[in-house]
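Below is one structure, written out as structure tokens; comments come after it.
Where a number appears in this text, it was derived from the coordinates with a stated rule and is not lab data. This structure is a prediction, so every number in the text was calculated from the model and none was measured. Heads up, the Cβs are rebuilt from the backbone with ideal geometry, glycines too, and the neighbour counts pull from every protein chain shown.
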Amino acid sequence: MEYLYLKWTDYKTGKKYLIGALFRDKAKGKYYFKLSKNHIEKALNESIYSKAILPFSDYDKIYESDEMFAIFKIRLPKIESYSKEEMDTLLEDLEMKEYDDFEYLRKTKGILMTDKFVIEEEK
């Protein structure tokens, strides 16, 4: 299994809070996501984080999908619209031999200008 951790950054303090773990079973072609109840409660108590911004709500559930979850998918490039040259440049820039959604998130941290989430390898 490969793991990445979804974190939220408090814009006032810059402190990062662990929200949950995204993991992938490459052999089965499955993605999983699990919320971190203790860390989310800490974020709710210490900052202005709102759990309503996530599409996941059940702390006890391990969410499963055959494709990348929407909250992560919006952080991926629309590679189907890339030319061969653009794709080659992307792969070269990220030091990837072939495109892989999970690896792309690992390397770019899935940063968007529209939210304060970041995806990192360590807790």
Length released on extending from Tyr11 to Glu86, taking residue separation times 0.36 nm less the Cα-Cα span = 23.7 nm
Mean separation of Cα contacts under 8 Å (at least 6 apart) over the residue count of the stretch 56-123, i.e. the relative contact order in percent, is 25
Separation of the stretch 34-49 and the stretch 77-123 by C-alpha centroid, Å?
-> 27
Return the ratio Rg/(2.2 N^0.38 Å) for the chain, where Rg is computed over Cα atoms only.
-> 1.12
The chain: relative contact order as a whole-number percent, Cα under 8 Å and 6+ apart | 28
Label point 7 Å beyond Cα of Glu64 along Cβ direction - residues of the stretch 20-35 with amide nitrogen under 18 Å = 21-35
C-alpha long axis of helix 37-46 to longest principal axis of the chain, angle in ° = 70
Residue-averaged 222 nm ellipticity for the chain, from DSSP H runs of 4+ at -39500 (n - 2.57), nearest 500 = -7000 deg cm²/dmol
